[in-house]
Structure formats: C-alpha cells, structure tokens
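The values are calculated or read from the model by the stated rules, or taken from the named source; none is laboratory data. Everything numeric here is computed off the predicted structure, so don't read it as measured data. Neighbour counts are summed over all protein chains in view; Cβ atoms, including those assigned to glycine, are modelled from backbone coordinates with ideal geometry. Keep in mind that these areas ignore ligands, DNA and RNA; they rest on the heavy atoms of the full protein, side chains included. Shrake-Rupley method; radii C 1.70, N 1.55, O 1.52, S 1.80 Å.
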Amino acid sequence: MRRFKPCHGGFIPTIVVRRAPRNPQRAIVQAGTLRLPAAIGRSGISAFKREGDGATPCAAMKIMGGYRRGERIRTAPSSLELKRIRADMLWCDAPGDANYNRPVTAPFGKSHEELMRSDGLYDIILVMDWNVTSRRQGRGSAIFFHLIRPGYEPTAGCVAVSRRDMLRLLPHINPKTVVRVLK
C-alpha cells in the first residue's frame, strides 16, 4: 500500500474527482498524493444536474457532515460529525415537497432514500453540499460521497469509493474539505 501524505497539517482541503479514461461512469479521486478508483453517476458528470438524471454534478461541494452504520462501522476517526444511522432515517428526494433534499424520519409518504441500507453502500455517507444550503426544487438530491457496489457499478449521481479507501480518507477530511468534481 502506498503511503498517503495529506497536505495542510494532516487534513485534505480539496478532493478532486475526474472522469476516468474510457469509462464515463468511473472516476479517479485525488486527495493529496493519493489517487483512488471511484464510481460516479450512471450518466457521468453533468453541469446541468436534474433530479433523477443519474449524473454526478460538476461542482465544488463542501462536505457538511455524514452518517455511519454503527453496528458495521464501530469507529470512524474523523473531525466530521458522523451521526449513527437509525432504521427510521430517510432522505427526501421528492421535488415539490418542503423537505426536498433534507433528512426526514419514517414514516414518510413521499419519495425518499433509506439511509439504513442492507447492501452496505451507506455504511459511511458523507453529505456533500449539492443543492442543500441553497435549495432549488428538481436540481438533484441525496448527492453523497459513500461506499461502492462490487465491481465499481455506477451510482445514481454520487461519488463512491471502496470501504478501505474511505477509511483511509476519513481521518483527513474535516468540515472545510471540498469535493471538486471536474467535467
């Protein structure tokens, strides 16, 4: 394993995500000296993100905090606030709803993402500020930095890395870290 050298006193100010050559659904994540394989949206990267389009937004997004599955990830050393996921935790992805692109609690009758997934994708979720602090209906929701599916299958618009790589990055990510997705 290559030695990882974070910059700026041990924290990563910027994580750069670039499309991988020959596959618009894969990416290279660069954090300091580390380059990691990643999965991105099934529609690649888009500067015109819309709800349900399957694209990862081309943007600079601050990491706002996150969630973890406590029974699967006992410790996750990080200066980020990582809330423990409960079975009733959801994320609203229903355009037009007042809770659009916000966490909500079950039962919730509108369209939503379940945060406690059985497939392990959301064992660690970092919430990126895409359409969160300045919301616009229909511009996309639930854009997270999370864990991959086997084979680096594409996401619905998120950025995903392996569990091993996420655990390597997490101690060096803080609330000032920005994920910059380039077209």
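Residue selection: Ile148 fails the criterion of being in contact with a Phe, Trp or Tyr (Cβ under 9 Å, 6 or more places away or on another chain) and β-branched (Val, Ile, Thr). Within region 137-171, the residues that satisfy the criterion of being open to solvent by less than 40 Å² (accessible area, probe 1.4 Å), out of contact with any Ser or Thr (no Cβ under 8 Å at 6 or more places or on another chain) and in a helix (DSSP H, G or I) are Asp165, Met166, Leu169. Within the option set Ser134, Ser111, Ser118, being out of contact with any Phe, Trp or Tyr (no Cβ under 9 Å at 6 or more places or on another chain), under 16 Å from Lys49 (Cα atoms), small (Gly, Ala, Ser) and open to solvent by 10 Å² or more (accessible area, probe 1.4 Å) holds for one residue only, Ser134. Here Asp123, Asp53, Asp93 are screened, and the one residue that is touching an Asp or Glu at 6+ places or on another chain (Cβ under 9 Å) and in contact (Cβ under 8 Å) with a residue 40 or more places away in the chain is Asp93. The sole residue among Ala60, Ala76, Ala27 that is small (Gly, Ala, Ser), buried (at least 16 other Cβ atoms within 10 Å of the Cβ), closer than 20 Å to Leu169 by Cα and at pLDDT 95 or above is Ala27.
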